[in-house]
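A.B. asks: I am attaching a structure below and will ask some questions about it afterwards.
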Amino acid sequence: MSLKRSDKGNASMREADRDTSEDRFQSLFGHSIDAILISRSDGAIEAANAAACLLFGYNEAEICVNGRT
């Protein structure tokens, strides 16, 4: 008897794990009372959560355009 899952089953599990991880991240990002900025390696800001917008007094688009100035 083999306990090894098929590659298709493993891929399906990895996709479900990735979806769960993404959902958890989105929940944390969206509901955190802490300001969170997501930036690229060059320092450009790609996203800001509601707490960051409240802290800095700008909406997300303004934060992303203005960057860390």
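A.B. asks: Spot the failing condition for residue 22; the list is (1) open to solvent by 50 Å² or more (accessible area, probe 1.4 Å); (2) in a loop (DSSP other than H, G, I, E, B), and only one is missed.
C.D. replies: Status for residue 22: all satisfied but (2).
A.B. asks: Moving on to the next point. What tally of residues in the stretch 45-55 results from selecting those that are part of a helix (DSSP H, G or I) and touching a Leu at 6+ places or on another chain (Cβ under 9 Å)?
C.D. replies: 1
Conditions (1) of a type in the set (D, E, K, R); (2) modelled with pLDDT of 95 or more; (3) surrounded by 10 or more Cβ atoms within 10 Å (Cβ to Cβ), marked per residue:
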{"position": "17", "(1), (2), (3)": "yes, no, yes"}
{"position": "31", "(1), (2), (3)": "no, yes, yes"}
{"position": "35", "(1), (2), (3)": "no, yes, yes"}
{"position": "42", "(1), (2), (3)": "yes, no, no"}
{"position": "50", "(1), (2), (3)": "no, yes, yes"}
{"position": "53", "(1), (2), (3)": "no, yes, yes"}
{"position": "57", "(1), (2), (3)": "no, yes, no"}
{"position": "60", "(1), (2), (3)": "yes, yes, yes"}
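The values are calculated or read from the model by the stated rules, or taken from the named source; none is laboratory data. Everything numeric in this text was worked out from a predicted model, so none of it was measured. All Cβ positions, glycine included, derive from the backbone under ideal geometry; neighbour counts span all protein chains shown. Quick note on the areas: whole protein, heavy atoms, side chains included, nothing else; ligands and nucleic acids left out. Shrake-Rupley method; radii C 1.70, N 1.55, O 1.52, S 1.80 Å.
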